[in-house]
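Below: the structure, in structure tokens.
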Amino acid sequence: MTAARALAEGLIDGFWANGMGAELAVRSGTGMVLLDPRRGDGPADCFDYTTAIVATTDRLIERTPEAAVGMARAVAEAQEVLRDDSLAATRIAGVLFPPAETGLIAELVRRDLPFYDTCLPERSVAGMIAFSREVGIVSGPIPYDRIVAVSVRKAV
């Protein structure tokens, strides 16, 4: 949302956005979507460059595994609620976001439902690591089980 405002104010020329940021820029007339790899635009490898995740520390998982599993289950349950009733997002967003964003959230949820998944597949992790290597964030491969808490994943 900040990037969409900065684009509208001429402070930036473009940005890599989530659905809400992109939608705000498009609807305001200040931006356009150049590509969306999830919908087949651009190189296929780009599909896995980003994803929505819940991150925590190894320490939390080791000390309170039930909290980590609880977070994962809560995400799975929320996704199920949204699959059944995408308007639930509008009711919740109304408490948290300004009206412009609240009015868009149900459509964004509906559009993104095919991508909701509580599992972070090895293919996705490999794609994120490849991207991270390309831009210099990491220097080498990172094993899947160093990124994904497999024990939590199995418990969900």
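The values are calculated or read from the model by the stated rules, or taken from the named source; none is laboratory data. Bear in mind that the values here come from a model prediction, so they are computed numbers and not experimental data. Cβ: placed from backbone, ideal geometry, glycine included. Neighbour counts: every protein chain shown.
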Problem set entry | Where T102 falls short, out of the listed (1) surrounded by 16 or more Cβ atoms within 10 Å (Cβ to Cβ); (2) over 16 Å from A52 (Cβ atoms); (3) under 16 Å from the mean Cα position of the chain (by Cα); (4) of a type outside the set (A, V, I, L, M) | (3)
Exercise. Do you know which of the residues in segment 1-44 that are of a type in the set (G, A, S) and in contact (Cβ under 8 Å) with a residue 24 or more places away in the chain is farthest from A130 (Cα to Cα)?
Worked result: S28
For this session: May I ask you to verify whether A88 is part of a loop (DSSP other than H, G, I, E, B), surrounded by 14 or more Cβ atoms within 10 Å (Cβ to Cβ) and among the aliphatic types (A, V, I, L, M)?
Result: no
Problem set entry | Residues of segment 1-24 that turn out to be part of a helix (DSSP H, G or I), of a type in the set (A, V, I, L, M, F, W, C) and either assigned by TED's automatic domain parsing to the domain that holds G103 or under 20 Å from the mean Cα position of the chain (by Cα) (or both), as a count | 5
For this session: Determine if segment 124-132 includes at least one residue that is surrounded by fewer than 14 Cβ atoms within 10 Å (Cβ to Cβ) and either in the same structural domain as N18 (by TED's automatic domain parsing) or of a type outside the set (D, E) (or both).
Result: no
For this session: Pull up segment 45-57, narrow it to residues that are within 15 Å of the chain's Cα centre (by Cα) and polar (S, T, N, Q), then point me to the one that is farthest from F131 (Cα to Cα).
Result: T51
For this session: Would you check which residues across segment 1-14 are in contact with a helix residue (DSSP H, G or I) (Cβ under 9 Å, 6 or more places away or on another chain) and exposed (fewer than 15 other Cβ atoms within 10 Å of the Cβ) and list them?
Result: T2, L11, I12, D13, G14
